[in-house]
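Here's the structure we're looking at; comments come further down.
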Amino acid sequence: MPTYEYRGLTASGRNVRGVREADGLDGLRAALRREGIVPTEIREARVAGGEASAKTGLAGREVRLGAFRDRAKPADISLATRQLATLIRSGIPLVESLTAIVEQTQKEQLKRALATVRDQVNEGVSLADALRAHPKLFQDYYVNMVHAGEQSGTLEMVLDRLADFTEAQGRMRSKVTAALAYPMIMAVLGTIIVGVLMVVVVPQVTTIFRDFGKDLPWYTETLVSISHFVGRWWWAAGLGLVGAVTLFRQWKRSAAGRKVWDRLVLRLPIAGDIAMKVAIARFARTLATLLRSGVPILRAMEITRNVMGNAELERIVEEARLSVQEGESIAVPLKRSGRFDPIVTHMIAVGERSGQLEQMLLSVAGSYEMQVETRLAALTSLLEPILIVVMGGAAAGIAASIMLPLLQLSDFMG
């Protein structure tokens, strides 16, 4: 059933707007008129590669518009979640709170989803069930936490925790991206500079030597051969690179390939340690947030398994969940796997015995997030001089291979 955005006028002349599902334009117009609303504009919203909307004016003519609408980001969902918690805590009914959020939200994808959620809640559907119909925006952990909040009567508290959790995950993601951005930019710029030297400068030097009938030194001959290859076959190298990347991504998406790759990532000297710490922080914060919100332990571990992002660690968490189902503690199977640090399993065991598992998990998450930040800063500091030396060395080698023959040629002419 298509979703429409509409604007209209009430009997008192007040402007109204909203989003609603209907069987068609005629059905929507009839429904609005029954409510005393005269539609002045209707748009059919469709999510595709670029969004096309059907816009209908007073004359009833339909005009297709190609409109690109920004997709909702985690920060947008976090902001809407915190605003909803504030409104509910202030005593505003849920449907009115959702209406206010819909009117404030700027991202069209999120606005349409929340409008549909509001309409379903107004018809008697629970908030969690309404959110479950939009898995691309509201993941499994989000829906389950909202369900637990509705059941326990602490929805506003759960929404605050969801906002905190989403913001913490966003900060972690931003730190990782920022730490890797500068080395990547340096590598790209260095590659471009070396490519320009190889394709533009080296062939000109070759022409000069040929005009004077001089033989090039072996190192310059090697450089010229590489330059000719790059200049002639760059398109083949580009196609080969694209093909290799495509095949690699397809292999990594397969079940067998994902297992092999994720296991390999964890064994890498420096990156593997950082990936493991990120995974432990995500595991601890997700599980703690779910448990604090009242989600049952087995369901919480199932959800946590699905957000690990690593097949090897997903297997370990699933084994721990099955052990808990059989009456064992969480810490024992995690310790048995050998992947989780002893301090992590020890703190989890203490938390289980003392009844403070959520607090212990949050402490683990905070500690490991801080360690990740420290390791990333150290890695960035290490990568910067290495990239400078490598790129500078490559540029210096090319310059020496060009300048030395030119100096020899100058001596010969003198």
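Compared with the dominant principal axis of the Cα atoms in the chain, helix 218-253 is inclined by about 20°. Across segment 95-105, computed HN-Hα scalar couplings (Karplus, 6.51 cos²θ - 1.76 cosθ + 1.60, θ = phi - 60°) run 5, 5, 5, 5, 4, 5, 5, 4, 5, 8, 5 Hz from first to last residue, x flagging Gly and Pro.
Hey, got the dipole for segment 99-180? About the Cα centre, +1 on K and R Cβ, -1 on D and E Cβ, debye to the nearest 20? It would help to have the intermediate numbers written out before the result.
Working: 10 positive and 11 negative charges, 95 e Å.
Using only the charged Cβ atoms, the result is roughly 460 debye.
Nothing charged except the Cβ atoms of Lys and Arg (+1) and of Asp and Glu (-1): what's the magnitude of the dipole of segment 252-318 about its Cα centre? Round to the nearest 20 debye. Kindly include the intermediate steps, with their values, before the conclusion.
Details: 13 positive and 6 negative charges, 27 e Å.
Dipole of segment 252-318, to the nearest 20 debye: 140 debye.
Under the simplified labelling scheme, the Ile226-Val125 pair shows an inter-label distance of 6.1 nm, with each label point 7 Å from Cα along Cα→Cβ. Projecting the Cα atoms of Ser78, Val245, Ala378 onto the charge dipole of the chain (Cβ charges, centred on the Cα centre) puts Val245 farthest toward the positive pole.
Proximity of backbone amide H atoms, modeled 1.01 Å from N, is registered between Thr40 and Arg7, Gly8, Leu9 at under 5 Å, excluding neighbours fewer than 5 places apart on the same chain.
The trypsin sites (Lys or Arg not before Pro) of segment 179-264 that meet both conditions, a loop assignment by DSSP and at most 16 other Cβ atoms within 10 Å of the site Cβ, are Lys214.
The computed Rg and Dmax of the Cα atoms in Å for the structure shown corresponds, within [x] 36.2, 120; [y] 21.5, 65; [z] 30.0, 99, to [z]. For the listed residue pairs Lys107/Lys277; Lys107/Lys175; Lys252/Lys277, the alpha carbons are over 26 angstrom apart in Lys107/Lys277.
FRET efficiency for Val245 and Val332, Cβ-Cβ distance as r, R0 = 45 Å, nearest 0.05?
Numbers: r = 41 Å, r/R0 = 0.92.
Plugging the Cβ-Cβ distance into 1/(1 + (r/R0)^6) gives 0.60.
Residues whose amide H falls under 5 Å from that of Gly18, counting only those 5 or more places apart or on a different chain, are Tyr6, with hydrogens built in the peptide plane. Rounded to the nearest 500, the 222 nm mean residue ellipticity of the chain from helices alone is -24500 deg cm²/dmol, with -39,500 (n - 2.57) taken per DSSP H run of at least 4 residues.
Net charge near Ser174, counting Lys/Arg +1 and Asp/Glu -1 over other residues with Cβ under 13 Å of its Cβ? Spelling it out: positives minus negatives among the neighbours equals +1.
Peptide packing: for 185-192, 134-141, the average count of neighbouring Cβ atoms within 10 Å per residue gives the ranking 134-141, 185-192, highest mean first. Across segment 338-348, rounded Karplus estimates of 3J(HN,Hα) from the backbone phi angles (6.51 cos²θ - 1.76 cosθ + 1.60, θ = phi - 60°) give x, 8, 8, 4, x, 5, 5, 5, 5, 5, 5 Hz, Gly and Pro being marked x.
Multiplying the sequence separation of Ala187 and Arg267 by 0.36 nm and subtracting their Cα-Cα distance, what value in nm do you get?
26.4 nm
Phi angles across segment 317-331 convert, under the Karplus curve 6.51 cos²θ - 1.76 cosθ + 1.60 with θ = phi - 60°, into 3J(HN,Hα) values of 5, 5, 4, 5, 5, 5, 5, 5, 4, 8, x, 8, 7, 6, 5 Hz, Gly and Pro given as x. Net charge dipole, the chain: roughly 460 debye, given to the nearest 20, about the Cα centre with Cβ charges of +1 for Lys and Arg and -1 for Asp and Glu.
Panel order for Arg20, Arg112, by other beta carbons found within 10 Å of each beta carbon, from fewest to most: Arg20, Arg112.
We did not get these values from a lab; they are worked out from the coordinates using the rules stated. Note that the coordinates shown come from a computational prediction; the quantities given were computed from them, not determined experimentally. Glycine also receives a Cβ, built like all others from the backbone with ideal geometry; neighbour counts cover every protein chain displayed.
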